[in-house]
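Asker: Handing you this structure, nothing more for now.
The values are calculated or read from the model by the stated rules, or taken from the named source; none is laboratory data. Everything numeric in this text was worked out from a predicted model, so none of it was measured. Ideal geometry is used to build each Cβ from the backbone, glycine not excepted, and the neighbour counts take in all protein chains shown.
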Amino acid sequence: MREFEPGPQRELAPQAPLHLPDGVRSPSYGRYLEEFETGAVFVPPRGMTLTAGLCQDFATTFMECNPLYLNETYARACGFTSSPASPLLVLATVLSLGVQNDSEKAIAHLGYYDVHFLRPVYPGDTLRALTRVVHRQERGDEPGIVSVRTIGLDQRDQLVLQYDRKILVPRRGTGPLPAAAPRPAVPFPDTDRPTLLLPDAQSAPHHWTGNDTYFEDFGPGQVILHGNGRTVTDEHFGWTYRVGNTHPLHFDRMYSAARSGAMSGEPIVYGGLVFAWLAGLASRDTSENALYDLGYTEGYHTQPTIAGDTLYAVSRVLETAPGPAGMDCGIVSLQLVGLKNCNGATALDRHGTDLFVKENAKRKLGKEKIAEKIFEIERRLLVRRHPA
Amino acid sequence: MREFEPGPQRELAPQAPLHLPDGVRSPSYGRYLEEFETGAVFVPPRGMTLTAGLCQDFATTFMECNPLYLNETYARACGFTSSPASPLLVLATVLSLGVQNDSEKAIAHLGYYDVHFLRPVYPGDTLRALTRVVHRQERGDEPGIVSVRTIGLDQRDQLVLQYDRKILVPRRGTGPLPAAAPRPAVPFPDTDRPTLLLPDAQSAPHHWTGNDTYFEDFGPGQVILHGNGRTVTDEHFGWTYRVGNTHPLHFDRMYSAARSGAMSGEPIVYGGLVFAWLAGLASRDTSENALYDLGYTEGYHTQPTIAGDTLYAVSRVLETAPGPAGMDCGIVSLQLVGLKNCNGATALDRHGTDLFVKENAKRKLGKEKIAEKIFEIERRLLVRRHPA
Amino acid sequence: MREFEPGPQRELAPQAPLHLPDGVRSPSYGRYLEEFETGAVFVPPRGMTLTAGLCQDFATTFMECNPLYLNETYARACGFTSSPASPLLVLATVLSLGVQNDSEKAIAHLGYYDVHFLRPVYPGDTLRALTRVVHRQERGDEPGIVSVRTIGLDQRDQLVLQYDRKILVPRRGTGPLPAAAPRPAVPFPDTDRPTLLLPDAQSAPHHWTGNDTYFEDFGPGQVILHGNGRTVTDEHFGWTYRVGNTHPLHFDRMYSAARSGAMSGEPIVYGGLVFAWLAGLASRDTSENALYDLGYTEGYHTQPTIAGDTLYAVSRVLETAPGPAGMDCGIVSLQLVGLKNCNGATALDRHGTDLFVKENAKRKLGKEKIAEKIFEIERRLLVRRHPA
């Protein structure tokens, strides 16, 4: 540190220059389709340190019931260094850090694919994001579909998260897209065969978790109706940027009111928060005994959520499989379906098996979309076995 | 930690089995009256580590004015290891941790009794709860009244909190209650003669607290009208599970709307939060110089509170007594009365001495219940003496 | 610590004395004009430790984009010990700590002047405030204008903040003010020539910040329209006391509804929070590469803000100047203008240069006040230069 005496601060405004209209700047963020050159790597600014307070506030606000994210003692007994950040916080934050660059001009987030958590993130770790353009689908002068891969790195440049997503991006101009300008090469340490760092959970106790959520309790074809709902309040305005997301759609009511179409009206809840609430509502029936979220894929936000909506979740067991050799665990693949203003029992009664058919497959199948359904994803969890 | 390569996550949902209706599960929590066998000990799951961020967020959201819970320097000077968790946070959390097991099916929480804080809880401590059924009062096919004792333990299995409460619990069936099934014995380290661990406050400074809240400022018969109110917002939806409470009555508007009677409509504020706000509103006039909350008893939530209600508090000095030998402190017993949408001066004007008569004693006395009154409890505080 | 066995807590209320109306107390806080003797030093109670959780929660809720306050790694690389508390949090907290004594009876906060941050504040530091009455302007029986200087000290009694403010204070009585009673002398370690402790930022990396907010990007006369707005929710009720402010105008709807005039109706957002949101909204276009807030002056809240209002910010570059010798930085002076329910482009279109004329100078200039304008201040920032 060094000392500096700045002297008195005189009032300047009455005499200072003012260049109107020439000096007016309106900084704008995000990118048009023209600016997504395939292969380009983007380095969004900022980064975010996850404090212990944020990790706990996120886990509890979003109703996490897995004690890993609530209970330091349990997390250590499971082999973690301390209570790790919730995977949903890691995902919501890394995605958010890329929003200013990747999607602050986007029309819609179309889907998540191949989400992998490569190592636990702990309080005190600082996350940053890098994004690479994988593919750009032109649709004439219509908005195009861009596939990007985003990676999350910690302060030691270790890969902690990798996922792909598709976004719908408007054109700036019309006509054929311009040739890509050359960009400086930026290292992008993603991986084609993700290797995850898992806890050694041999000494983990069983009195901190319920007795009906062990590996053996799940069988393919089961449907679990999660009873409790959560009414979302305008708390989501603040949470959007608490996880680093700068898109005004989520916290600027004038911006939202001025839009047209399905996204107009009240600010839309950021999808990363919707997913977190749904996973939380499902957690005491599904992931309470999970040791690690192995990954997610085929994630779609199918309807917007706003403050005042009450969220409910339904899970379906897709598959069970043995876990890694030497661990008392198995792998449970689950489909998570999110609903608004309709609980799981009612939705199942109304829609039956259609509840589990992907919304974007419905047209091809000649089926109606489900208005109450807001989200669907497939999750693969590493779940503890019943104590011997 | 160990490495694991899970391989690619294929989309499973379109081909996976789906067993309707046979494979549908609707997990349900809490207990019917039949399941409260006298003497049984329940071990609810989960636990909660109180981070420094949570402790401060709770103390300030609920308007605590005692610097012990706000000011690290003052807390250490008073003999604490660091700024302790507010007793109201400890109580709200331990009670909440038991809700999933004890009262998620309960109709009402009827009262708190004999609340003792046996030692300070610090940021980083992990709390868990154990509950023992003390008494079950059958009332035919009507809901019964269950008395339970709950204890809070820290990560070293030290007793930090003990209290009794009564809850109104519905019957599952009709007719005589079935004989109790034998249950495995679980150690339940409660105590009949609580011994509290108090700080040595000899060197505590006086410039961090006001000058009108020392032991000598309180005399039996005084009534203190706390001027400031606090309008509760729907922030309480999130706070319910931030302290671990899983009851949907507090955050699921569809659940609340579908209920009938006094608890229907908007989500009801969890009582532990109501108590915390009222104690906070009273704190700068009563407990600002308190070193320890020795205990509470006869605590009743007499009307529900919802978002939009403005809370006010009134205190009455019940008794003063000498403190422990060798400490410059005395014991002040206070009655805390909570009001909604009516400040203390107005309530005293309207109801006079009746404001301090327990609501559940009113019928016997031929008195009307007070609609604005939401809470009443007796508190026993250890309060510093005036500096010499 | 010492052990104490308090014995059982008997129910006292039914038999305890109750002295009505003689025993009724209505503690009141703040001061009338009569009680602001020029030269007096006030020592408000309480103090506040800024936890890491609070620092991050504040920075992100109020939309700070400077990674100094979000990213531990960046802050350390800039020469800070860790990620410091946001200057807006330090200001909001120290001002709030004085409210109970200085302004809980005040009618209005009239302005901030000569705000200096003398050294960084870090998580774990405990702040307290001292206030000295600089000047009291009598206006007969009308409310008077009091100028006070407030200083913020940390737990080592180091000066971290100093500022002056003017407040409008009601009379208790009528007629000439009484002569000042002598007060005990209290040390008040303010300074006439503030020396700031700045970070050595030589090794600070550039990939955490955007490329358009370096010193060279700013020129006098520029106007920057910050695109994103933030709709304020009733989250501000809780935030008021999270930063230590006890004034019921900000969280007690019954108090607010009972007032008359411009401050009546819904609770008004505490000005320290309004300023923080506006600075946050401006941050990614102005202060993202700032290393230090050198100071603020001429700060005025010109219209109240309530929950539901959407805030927007406009900045104007007033002056640029060289930074301290040996640092790759320059000094940028900015005028920050806050708006409600009207974005910067619209306001500039409607009001042109008048947008930047101080509201309290408008009458003298024969100009209309601007209803959408809620705040104006001049800020002096130390901003990094472009990488070579």
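Asker: Among the residues in region A:158-169, are any out of contact with any Leu (no Cβ under 9 Å at 6 or more places or on another chain) and assigned to a strand (DSSP E or B)?
Answerer: Taking region A:158-169 first, the residues out of contact with any Leu (no Cβ under 9 Å at 6 or more places or on another chain) are A:164.
Applying the additional criterion that residues be assigned to a strand (DSSP E or B) yields A:164.
Yes, region A:158-169 contains a residue that is out of contact with any Leu (no Cβ under 9 Å at 6 or more places or on another chain) and assigned to a strand (DSSP E or B).
Asker: For region A:229-245, which positions are more than 7 Å from chain C (Cβ to nearest Cβ) and within 22 Å of C:PRO67 (Cβ to Cβ)?
Answerer: Result: A:TRP239, A:THR240, A:VAL243, A:GLY244, A:ASN245.
Asker: Still on this structure, I have one more. Just need a number here: residues in region A:328-343 that are assigned to a loop (DSSP other than H, G, I, E, B), more than 10 Å from chain B (Cβ to nearest Cβ) and touching a Phe, Trp or Tyr at 6+ places or on another chain (Cβ under 6 Å).
Answerer: Summing the residues that are assigned to a loop (DSSP other than H, G, I, E, B), more than 10 Å from chain B (Cβ to nearest Cβ) and touching a Phe, Trp or Tyr at 6+ places or on another chain (Cβ under 6 Å) in region A:328-343 gives 0.
Asker: Filter region A:344-388 for residues that are assigned to a loop (DSSP other than H, G, I, E, B) and out of contact with any helix residue (DSSP H, G or I) (no Cβ under 9 Å at 6 or more places or on another chain) and give the result.
Answerer: Pass one, region A:344-388, residues assigned to a loop (DSSP other than H, G, I, E, B): A:357-358, A:366-372, A:385-388.
Answer for region A:344-388, where residues must be assigned to a loop (DSSP other than H, G, I, E, B) and out of contact with any helix residue (DSSP H, G or I) (no Cβ under 9 Å at 6 or more places or on another chain): A:LYS358, A:GLY366, A:ALA371, A:PRO387, A:ALA388.
Asker: Report, by residue number, each residue of region A:279-310 that is in contact with a Lys or Arg (Cβ under 7 Å, 6 or more places away or on another chain) and either in a loop (DSSP other than H, G, I, E, B) or small (Gly, Ala, Ser) (or both).
Answerer: Scanning region A:279-310 gives A:ASN289, A:GLY295, A:THR302, A:GLN303, A:THR305, A:ASP309.
Asker: Yes or no: A:ALA347 small (Gly, Ala, Ser) and surrounded by fewer than 24 Cβ atoms within 10 Å (Cβ to Cβ)?
Answerer: For A:ALA347, the condition - small (Gly, Ala, Ser) and surrounded by fewer than 24 Cβ atoms within 10 Å (Cβ to Cβ) - is met.
Asker: Is it true that some residue in region A:212-223 is hydroxyl-bearing (Ser, Thr, Tyr), surrounded by 24 or more Cβ atoms within 10 Å (Cβ to Cβ) and either within 14 Å of chain B (Cβ to nearest Cβ) or over 27 Å from A:ALA307 (Cα atoms) (or both)? If you could, list the steps in order and put the result at the bottom.
Answerer: First pass over region A:212-223, keeping only residues hydroxyl-bearing (Ser, Thr, Tyr): A:213-214.
Within this subset, residues satisfying the condition of being surrounded by 24 or more Cβ atoms within 10 Å (Cβ to Cβ) are A:213.
Okay, now just the ones that are also either within 14 Å of chain B (Cβ to nearest Cβ) or over 27 Å from A:ALA307 (Cα atoms) (or both), so A:213.
Yes, that holds for at least one residue.
Asker: Being facing chain B (nearest Cβ under 8 Å) and closer than 9 Å to A:LEU382 by Cα is the filter here; which residues of region A:275-295 pass it?
Answerer: Of everything in region A:275-295, just one residue is facing chain B (nearest Cβ under 8 Å) and closer than 9 Å to A:LEU382 by Cα, namely A:LEU294.
Asker: So, in region C:373-388, of the ones that are crowded, with 19+ Cβ neighbours inside 10 Å and more than 10 Å from chain A (Cβ to nearest Cβ), which residue ends up nearest to C:ALA201 (Cα to Cα)?
Answerer: Among those residues, the one meeting the criterion is C:ARG384.
Asker: Identify, by number, the condition in (1) more than 8 Å from chain B (Cβ to nearest Cβ); (2) touching a strand residue (DSSP E or B) at 6+ places or on another chain (Cβ under 9 Å) that A:GLU298 doesn't meet.
Answerer: Looking at each condition in turn, A:GLU298 falls short on (1).
Asker: Which residue out of C:ALA257, C:ALA307, C:ALA313, C:ALA262 is surrounded by 24 or more Cβ atoms within 10 Å (Cβ to Cβ) and of a type in the set (A, V, I, L, M)?
Answerer: On inspection, the qualifying residue turns out to be C:ALA313.
Asker: A follow-up question, please. Got a number for residues in region B:137-174 being without any contact (Cβ under 8 Å) to a residue 12 or more places away in the chain and touching a strand residue (DSSP E or B) at 6+ places or on another chain (Cβ under 6 Å)?
Answerer: 1
Asker: Also, quick follow-up: Mind listing just one residue for me: the one in region B:166-211 that is surrounded by 14 or more Cβ atoms within 10 Å (Cβ to Cβ) and more than 29 Å from B:ALA321 (Cβ to Cβ) and, of those, farthest from the other protein chains (Cβ to nearest Cβ)?
Answerer: Filtering region B:166-211 for residues that are surrounded by 14 or more Cβ atoms within 10 Å (Cβ to Cβ) and more than 29 Å from B:ALA321 (Cβ to Cβ), the one farthest from the other protein chains (Cβ to nearest Cβ) comes out as B:LEU177.
Here is a yes/no grid of residues against (1) of a type outside the set (Phe, Trp, Tyr); (2) closer than 30 Å to C:GLY53 by Cα:
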position: B:ALA13; (1), (2): yes, no
position: B:TYR29; (1), (2): no, no
position: B:TYR32; (1), (2): no, no
position: B:VAL41; (1), (2): yes, no
position: B:PRO44; (1), (2): yes, yes
position: B:MET48; (1), (2): yes, yes
position: B:GLY53; (1), (2): yes, yes
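Asker: I want to confirm something. Restricting to region C:123-154 and keeping residues that are at pLDDT 95 or above and assigned to a loop (DSSP other than H, G, I, E, B), which single residue is nearest to C:VAL186 (Cα to Cα)?
Answerer: It comes out as C:ASP154.
Each row is one residue, and each column tells you yes or no for (1) over 22 Å from the mean Cα position of the chain (by Cα); (2) not aliphatic (A, V, I, L, M).
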site: A:ARG128; (1), (2): no, yes
site: A:VAL148; (1), (2): no, no
site: A:LEU153; (1), (2): no, no
site: A:ARG171; (1), (2): yes, yes
site: A:ALA179; (1), (2): yes, no
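Asker: Are any of the residues in region C:2-19 without any contact (Cβ under 8 Å) to a residue 40 or more places away in the chain and on the phi > 0 side of the Ramachandran plot?
Answerer: Yes: one or more hits.
Asker: Does B:ALA361 fit the bill of being closer than 15 Å to B:GLN303 by Cβ and either more than 22 Å from the chain's Cα centre (by Cα) or surrounded by fewer than 16 Cβ atoms within 10 Å (Cβ to Cβ) (or both)?
Answerer: Considered against the rule, which asks whether it is closer than 15 Å to B:GLN303 by Cβ and either more than 22 Å from the chain's Cα centre (by Cα) or surrounded by fewer than 16 Cβ atoms within 10 Å (Cβ to Cβ) (or both), B:ALA361 comes out as no.
Asker: While we're looking at this one, here's another question. When you check B:GLU35 against the structure, is it in contact with a helix residue (DSSP H, G or I) (Cβ under 9 Å, 6 or more places away or on another chain), among the acidic types (Asp, Glu) and farther than 30 Å from A:TYR300 by Cβ, yes or no?
Answerer: No, not satisfied.
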